[in-house]
Amino acid sequence: MDILFSMNGIAMLGWLLMIVLPKWRLTRLVANTAIFPIYLALLYTIGMITVIAEGGLGFVNDFGSSDGVVRLLSDPDFALLVWLHLLCFDQSIGLYVYRDNMVHHYVTLLVQSVLLCSILMFGPFGFLCYLVIRGLRQRRMPGLRDS
């Protein structure tokens, strides 16, 4: 699992492009291909296959209780796998926000960058902020509704 963890760092490039250079042609290309979320999903899949191959599906039984989840997260390999899961979903949400805002212009690029930073660092909180702002903008300007 350590090797998979060490391979995830390249995905930060996707965040940097969306946050610092949102209008750059390369950023748009990277966003349109979703290369970094796909890459992280691949790392996660390799890790999950490894966990299942080594120990079977017994870990699924731990999902039903808080004690079970804590037990799973206390296993270093499983904790790193969960980290890859979080990275993949956070970047997928960041990509969604980037694409959505670049088309509909709900917020300025500066605010978009702040929201992307908050998604990177605080996941669901940053996404919630974007959805609230987007909803308020849509109410005030009906022409901004999703197509």
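The values are calculated or read from the model by the stated rules, or taken from the named source; none is laboratory data. Everything numeric in this text was worked out from a predicted model, so none of it was measured. Cβ placement follows ideal geometry from the backbone for every residue including glycine, while neighbour counts extend to all protein chains displayed. SASA here: full protein model, heavy atoms, side chains in, ligands and nucleic acids out. Shrake-Rupley method; radii C 1.70, N 1.55, O 1.52, S 1.80 Å.
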Using the Karplus equation 6.51 cos²θ - 1.76 cosθ + 1.60 (θ = phi - 60°), what ³J(HN,Hα) coupling, rounded to whole Hz, does each residue of the range 101-115 give in order, writing x for Gly and Pro?
6, 5, 7, 9, 6, 5, 10, 5, 5, 5, 5, 4, 5, 5, 5
First compute the accessible area of the chain with a 1.4 Å probe, then give the percent of it belonging to carbon and sulfur atoms.
71
Among Asn101, Asn32, Asn61, which one shows the biggest mean-square fluctuation in a GNM of the chain, springs joining Cα atoms closer than 10 Å?
Asn61
Please identify, among Leu81, Leu13, Leu120, the residue showing maximal mean-square fluctuation in a Gaussian network model of the chain using a 10 angstrom Cα cutoff.
Leu13
The Cα radius of gyration of the chain, divided by 2.2 N^0.38 Å with N its residue count, comes to 1.21
What length, rounded to one decimal in nm, is gained on full extension from Leu109 through to Met12, with 0.36 nm per residue of separation minus their alpha-carbon distance?
33.0 nm
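Grab the DSSP H runs of the chain that are 4 residues or longer, score each as -39,500 (n - 2.57), total them, divide by all residues and round the 222 nm result to the nearest 500 deg cm²/dmol. List each step's numbers first, then the result.
Details: 8 runs with 113 residues, N = 147.
Only helices count here, giving -25000 deg cm²/dmol.
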Amide H proximity to Leu21 below 5 Å, modelled H, separation 5+ or other chain, gives none
Under the Karplus relation 6.51 cos²θ - 1.76 cosθ + 1.60, θ = phi - 60°, what is the ordered set of whole-Hz ³J(HN,Hα) values for the range 81-95, x standing for Gly and Pro?
5, 5, 4, 4, 4, 5, 4, 5, 5, 4, 5, 5, 5, x, 5
Spin-label model distance (nm) - Ile133 vs Leu57, 7 Å beyond Cα toward Cβ
4.2
Determine ³J(HN,Hα), in whole Hz, for all residues of the range 31-47 in sequence, where each value follows from phi through the Karplus function 6.51 cos²θ - 1.76 cosθ + 1.60 and θ = phi - 60°; x replaces Gly and Pro.
5, 5, 8, 6, 4, 6, x, 5, 4, 5, 5, 5, 4, 4, 4, 4, x
